[in-house]
Structures are given as C-alpha cells and as structure tokens.
Amino acid sequence: MPSQPVAPDDSAAPVAPVALELAVQDPVGALIAARVGAARVELCTALGATGGLTPSTGLLEATLDALRVTGDPSDTGVHVLVRPRPGGFVYDSVEVAVQTRDARAAVASGAAGVVVGALLPSGVVDVAALRALVDAARSADAGAEVTFHRAIDTLADPVAALDVLAGQGVTRVLTSGGAARAIDGLDRLAELAARGRELGVQIMAGGGVRPEDVAALVGAGVHAVHLSAKRVVVDDGGPGGGGDGGYETTDEAVATAAAEALRVVEEANLPK
C-alpha cells in the first residue's frame, strides 16, 4: 500500500519554494519544461528502457539552442545525466574516465550541471570516482551543480551517505527514499530532507512520480520534485529498428498537471 501523505510541520516544511525538474530526452521536452515553469531539466536518452543514459553533445547543444530561442536558457537549467551504460553503478577505471570526459564536455557546452553516481562493490559511495566527476564538471565551470542520482537508493544507509556526498561538494540528491516509487518512500524522504538541510544538500524526490503525488512529497519537506511526464508513441521500427516498441516523448498535459499541483501546494503554504 502507498504511504499516506505526510502533513507538513515546522521541522519538515520547505524553507524555500519547491522546484520542479523534468527528465527529458529531446529539445521539445525541454521547451515543454520551460513553458510549465520547471526550474531544471535532466537531459538523457533511453529513459524508459534503461533508466537513462548520457545524451550526445549534439543533443545537448540542440536543447540549449532551443531554449535560447525562447528566452534566457538559464531560466530552465539543463543538467546532463552522465551514465555510460545500463545496469549497476560500480564502474571500472575506463568507465570512470569516459564519464569524466562526458561531464567536462557537457558543462563546457553550456550545461548548468551534471547528474552522476558511482558506488563501490561494498555498497558505499565510490568517493574517488565521485571526486573525479565533480572536479571534471567544475574544471569547465566552477559554478556547475552536481546531482547524485538514484544510485543512492541502492544503499543500506542513504542518510549516512549524505555526509559523504556533502563532503564532495554535491549540490543535490535525486532519491525515491529507497522505494520503487517516491510516494512509497515518504518517511525516508523526510529523514533525508532533514539531514540534507543540516548539510546544505538539497533532496529531490523522484521515482514514478505522478501529479497527484506532489502534495505529499512537498509535505515530506523535499527541496524539489522530479518526474519524467512521458508517454509512449507507438511507431514500429521493424526488425532493424527495435520492433514495435515505439519511442518516448514528454507529455505536456502531465507536465502541466505536475506544475499546477506544485503551484497549488505552494499557494496553500503562503502566510495568510
């Protein structure tokens, strides 16, 4: 059964407006995010099939250009997922080297930040790999933000991991609270958000988020809400194109509903 919404209290209530982030896979998705007022997008590819992989430099540049046409691209920051393959998050030295190149190139191309994650076989954060990724991103721009992705949801003690991430300069953590869907991890999200505030690390709730979940997630005290707002377009590519699986696109109606849900919650929390 999903966890019940948590009523905000003084210790869990957000101290600043809660940001909306959309995971997108193309310039059109980024433009939708901008139209609904999302603070950020996480740009990736193969989201549904793999959980997301690193986008090409061409895709990043096209996305940034699309946002420039409509206004200041900094209004909707583009954060690039740096993940070289599907599967777990234990990487060898070659894979780490690829990711550091990708992180540096993404920020040099104009990304506002990167989304990364690396673990050791023992089930803890790979500090050396994380340090290399943070350094690579910030060598291109000292102000680049670093988000640690849902690799944290595989750890036995994600709250303790926040101290390690804070020590490496991580800006925020994307997490479902260890659950399959964020709405089922409210208690852990509240614990992470409280510790994150002590450490100066933002906690962003993500993982199967639907617009109707937004109020409960905000009530848990998170700093941001992340969702893909995607739908599948049926398009048969034949035996050489992946069969009839089709492709994913950002659903503007879902994105709008999430933004509206967040606006309603924010307005309800305004001082009377």
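The values are calculated or read from the model by the stated rules, or taken from the named source; none is laboratory data. Here the structure is a predicted model, which means the values were calculated and not measured. Neighbour counts are summed over all protein chains in view; Cβ atoms, including those assigned to glycine, are modelled from backbone coordinates with ideal geometry.
Quick rundown of the values:
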| quantity | calculated |
| --- | --- |
| Hits in the stretch 127-164 (condition: touching a helix residue (DSSP H, G or I) at 6+ places or on another chain (Cβ under 9 Å), outside any helix (DSSP H, G or I) and under 18 Å from A111 (Cα atoms)) | D141, A144, E145, V146, F148 |
| Where a residue in the stretch 104-123 is within 13 Å of L155 (Cβ to Cβ) and at pLDDT 95 or above and its partner, wherever it lies, is in a helix (DSSP H, G or I) and small (G, A, S), with Cβ under 6 Å and at least six apart | G117/A151; A118/A129; L119/A151 |
| Failed item, numbered, when R150 is tested on (1) closer than 25 Å to T54 by Cβ; (2) over 18 Å from the mean Cα position of the chain (by Cα); (3) of a type in the set (D, E, K, R) | (2) |
| Selection within the stretch 165-180 - in a strand (DSSP E or B) and hydrophobic (A, V, I, L, M, F, W, C) | V173, L174 |
| Within the stretch 58-84, tally of residues that are out of contact with any Asp or Glu (no Cβ under 8 Å at 6 or more places or on another chain), among the polar types (S, T, N, Q), within 16 Å of I32 (Cβ to Cβ) and not in a loop (DSSP other than H, G, I, E, B) | 1 |
| Test: residue in the stretch 43-51 that is exposed (fewer than 14 other Cβ atoms within 10 Å of the Cβ), over 17 Å from the mean Cα position of the chain (by Cα) and outside any loop (DSSP other than H, G, I, E, B) | no |
| Where G87 falls short, out of the listed (1) surrounded by 14 or more Cβ atoms within 10 Å (Cβ to Cβ); (2) more than 28 Å from A38 (Cα to Cα) | (1) |
| Residue match in the stretch 203-213 (condition: farther than 24 Å from F148 by Cα and touching a strand residue (DSSP E or B) at 6+ places or on another chain (Cβ under 6 Å)) | no |
| Residues within the stretch 188-205 that are touching a residue at least 60 places away in the same chain (Cβ under 8 Å), aliphatic (A, V, I, L, M) and part of a helix (DSSP H, G or I), tallied | 3 |
| Filter result (more than 13 Å from H149 (Cβ to Cβ) and either touching a Ser or Thr at 6+ places or on another chain (Cβ under 7 Å) or part of a helix (DSSP H, G or I) (or both)) within the stretch 87-100 | S93, V94, E95, V96, A97, V98, T100 |
| Selection from the stretch 242-268 of residues that are of a type in the set (D, E), modelled with pLDDT under 95 and surrounded by fewer than 15 Cβ atoms within 10 Å (Cβ to Cβ) | D244, E266, E267 |
| Cross-chain or 6+ apart pairs with Cβ under 6 Å, the stretch 244-272 first and over 25 Å from P27 (Cβ atoms), then acidic (D, E) | D244/D236 |
| Failed condition for R263, given (1) of a type outside the set (A, V, I, L, M); (2) outside any helix (DSSP H, G or I); (3) more than 16 Å from the chain's Cα centre (by Cα) | (2) |
